1. Checking Glu40 against (1) free of Cβ contacts under 8 Å to residues at least 12 places away in the same chain; (2) closer than 13 Å to Leu132 by Cβ; (3) among the acidic types (Asp, Glu), which test does it fail?
2. Go through (1) over 17 Å from Ala29 (Cβ atoms); (2) modelled with pLDDT of 90 or more and name the single condition Asn134 misses.
3. Looking only at segment 43-80, which residues are out of contact with any Gly (no Cβ under 9 Å at 6 or more places or on another chain), surrounded by fewer than 16 Cβ atoms within 10 Å (Cβ to Cβ) and over 23 Å from Lys144 (Cβ atoms)?
4. Taking the stated definitions as given, is Ala129 in a helix (DSSP H, G or I) and either in contact with a His (Cβ under 7 Å, 6 or more places away or on another chain) or surrounded by 14 or more Cβ atoms within 10 Å (Cβ to Cβ) (or both)?
5. Could you check segment 1-54 and list, in sequence order, the residues that are among the hydrophobic types (A, V, I, L, M, F, W, C), part of a helix (DSSP H, G or I) and modelled with pLDDT of 75 or more?
6. Do you know which residues across segment 90-114 are in contact (Cβ under 8 Å) with a residue 40 or more places away in the chain and closer than 14 Å to Leu74 by Cα?
7. If a residue must be crowded, with 22+ Cβ neighbours inside 10 Å and touching a Phe, Trp or Tyr at 6+ places or on another chain (Cβ under 7 Å), how many such residues does segment 132-142 contain?
8. Please verify whether Ala121 is closer than 29 Å to Ala154 by Cα and either part of a helix (DSSP H, G or I) or under 14 Å from the mean Cα position of the chain (by Cα) (or both), treating the condition exactly as stated.
Amino acid sequence: MSLLDGILNQVLQSGQVQDHHYDEVLNHAPQELMGSGLGEAFRSDQTPPMGEMVSALFGQSNGQQQAGLLNQILSTLGPAAAAALAGGALGKIMSPGATQVTPAQAAAIDPEQVRQVVTQAQAAEPGLADQLGNFYANHSGLVKTLGGAAMLIALSKMKDGLANRA
């Protein structure tokens, strides 16, 4: 049994995620495994809707991370489709023909607009949860803010992923 497997077993048996568990898992989990777990948490009916969770993460993010999230949505949907979401919230901040959002432009978007964009984007692209899970796997410090229920689901999926690798 690997160290990560032992940590996941301990957390899942207790049903509680403590701060030190976050750090241990985040330090030992492969990025793709973390991304898969986060995608599952975003899709789960046991957590708030994905738009709400991503909106909360956006609100906790710095400018680079905010721009990265919006650029992930743009790359998943395509700039024209993404720019039309939530009343054109992204289109209003982007220059004509642009395919990327800068940190300064991202600062002009509020978390409620992000919630709307993500909710609409998820309806258009069911794979968005996995894309955003992979994005946030690169920003593990933010993952801690998701809360216990979402993290338990993510960790459970990670445990399943480890079992499938064996």
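The values are calculated or read from the model by the stated rules, or taken from the named source; none is laboratory data. The shown structure was predicted, so the numbers you read here are calculated from the model rather than taken from an experiment. Cβ coordinates were reconstructed from backbone atoms using ideal geometry, including for glycine residues, and neighbour counts include every protein chain displayed.
1. Every listed condition holds for Glu40 apart from (1).
2. Checking Asn134 against (1) over 17 Å from Ala29 (Cβ atoms); (2) modelled with pLDDT of 90 or more, the one that fails is (1).
3. Ser75, Gly78
4. So Ala129 passes the test.
5. Hits for segment 1-54 are Leu33, Met34, Leu38, Ala41, Phe42, Met50, Met53, Val54.
6. Within segment 90-114, the subset in contact (Cβ under 8 Å) with a residue 40 or more places away in the chain is 103-104, 106-107, 109, 111-112, 114.
Scanning segment 90-114 gives Ala106, Val114.
7. Qualifying residue count for the region: 2.
8. Numbers: closer than 29 Å to Ala154 by Cα: yes; either part of a helix (DSSP H, G or I) or under 14 Å from the mean Cα position of the chain (by Cα) (or both): yes.
Here the answer is yes, as Ala121 does meet what is asked.
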